[in-house]
1. Tell me the accessible surface of Y6 in square angstrom (1.4 angstrom probe, heavy atoms of protein chains only), to the nearest ten.
2. Per-residue HN-Hα couplings for region 36-47, Karplus 6.51 cos²θ - 1.76 cosθ + 1.60 at θ = phi - 60°, whole Hz, x for Gly and Pro?
3. Taking a probe of 1.4 angstrom, what is the accessible area of L81 in Å², to the nearest 10?
Amino acid sequence: LDPGIYELALPGEPADGAWIVAGAAYAAVTGPAGEVTVRDLPVGTYPILAWLPPRGGAASRVAHGTVTIAAGKLAEVTLQLAAP
């Protein structure tokens, strides 16, 4: 698969909320409050993509950002999800 996010569905059947994230070196799923902790990332700067799939007729929402990881430090990023 090319890098991206894919919805799983059978031909002619409605999708049932199953998704695949392909090509991501690091991926995580948030908890109900939208927070996630990723541990043991190597030092460096990483792109971030946050995505909320479409629900109840509402469009999907996305946010992009970057985070820089320094040795022995906690990095925190806040993203605002917006309609694409």
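1. Only protein atoms counted, so the area is about 80 Å².
2. For region 36-47, the Karplus curve yields 9, 10, 10, 9, 6, 6, x, 4, x, 10, 10, x Hz.
3. Surface accessible to solvent at L81 totals approximately 70 Å².
The values are calculated or read from the model by the stated rules, or taken from the named source; none is laboratory data. Predicted, not measured: the structure shown is a model, and the values here were computed from it. Just so you know, the surface numbers come from the protein's heavy atoms only, side chains and all, with ligands and any DNA or RNA stripped out. Shrake-Rupley method; radii C 1.70, N 1.55, O 1.52, S 1.80 Å.
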